Amino acid sequence: MIKFYTNRELSQKLKINLARWKRWSREFLPPDPLGGIQSGYARQYSMDTAFTVYLGGYLVGELKYTIAEAKKILEELKSWLKEKDFYINI
């Protein structure tokens, strides 16, 4: 069974401020297919999407890359992982 996580669960487990996690999520993921910000649905994350948000946030928060640079790094990393057959859910 696939486990999905909410913003609150991930921010608590990773010890990241909830508002910061949500901001990173909006920056590094496409719009939520279930609705917008005020739709009443909480966004759910698979391990893949949670890792994408976490890594993007780490690049911005700790390594001081800009959002645009972090997005470019994530894009290139995903294509490299796919090319090397490390990442199957792309």
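Bear in mind these aren't lab numbers, they're just calculated from the coordinates by the rules spelled out. Treat the numbers as computed from the prediction; the structure is a model and nothing was measured. A quick note on method: Cβ atoms are made from the backbone with ideal geometry, for glycine too, and the neighbour counts reach across all protein chains shown.
Say R0 is 30 Å: what FRET efficiency, to the nearest 0.05, do Leu34 and Leu63 get from their beta-carbon distance?
Values: r = 31 Å, r/R0 = 1.05.
My answer for the efficiency is 0.45.
Normalised by the number of residues in the chain, the mean separation of alpha-carbon contacts (under 8 Å, six or more apart) gives a relative contact order of 27 percent. Run lengths n ≥ 4 of DSSP H only: what is the helix-derived mean residue ellipticity at 222 nm for the chain, with -39500 (n - 2.57) per run over all residues, to the nearest 500? Value at 222 nm, helices only, nearest 500: -17500 deg cm²/dmol.
Dipole check for the chain: with +1 at the C-beta of Lys and Arg, -1 at the C-beta of Asp and Glu, and the Cα centre as origin, the magnitude is about 340 Debye. Extension gain for Glu27 to Tyr41 (0.36 nm times residue separation, less C-alpha to C-alpha distance): 3.2 nm.
Proximity of backbone amide H atoms, modeled 1.01 Å from N, is registered between Leu14 and no other residue at under 5 Å, excluding neighbours fewer than 5 places apart on the same chain. Backbone N atoms of the range 47-66 closer than 17 Å to the 7 Å Cα→Cβ label point of Ile2 belong to residues 47-53. In loop segments of the range 17-79 as defined by DSSP, the GluC sites (Glu not before Pro) with at most 15 further C-beta atoms inside 10 Å of their C-beta are Glu62. Going by the alpha-carbon gyration tensor, a ≥ b ≥ c the square roots of its eigenvalues, is the range 45-90 rounded (a/c under 1.5) or, if a/c is not under 1.5, prolate (a/b greater than b/c) versus oblate? Since a/c reaches 1.5 but b/c is at least a/b, the shape of the range 45-90 is classed as oblate. Counted by neighbouring Cβ atoms within 10 Å, the residues Lys22, Lys72 run from fewest to most as Lys72, Lys22. Backbone geometry of the range 58-73 corresponds, through the Karplus equation with coefficients 6.51, -1.76 and 1.60 at θ = phi - 60°, to 3J(HN,Hα) couplings of 5, 4, 7, x, 9, 8, 6, 7, 6, 4, 4, 5, 5, 4, 5, 4 Hz, x marking Gly and Pro.
By the gyration tensor of its Cα atoms, with a ≥ b ≥ c the square roots of the eigenvalues, what is the shape of the chain: rounded for a/c under 1.5, prolate for a/b over b/c, or oblate? Note, shape of the chain comes out oblate.
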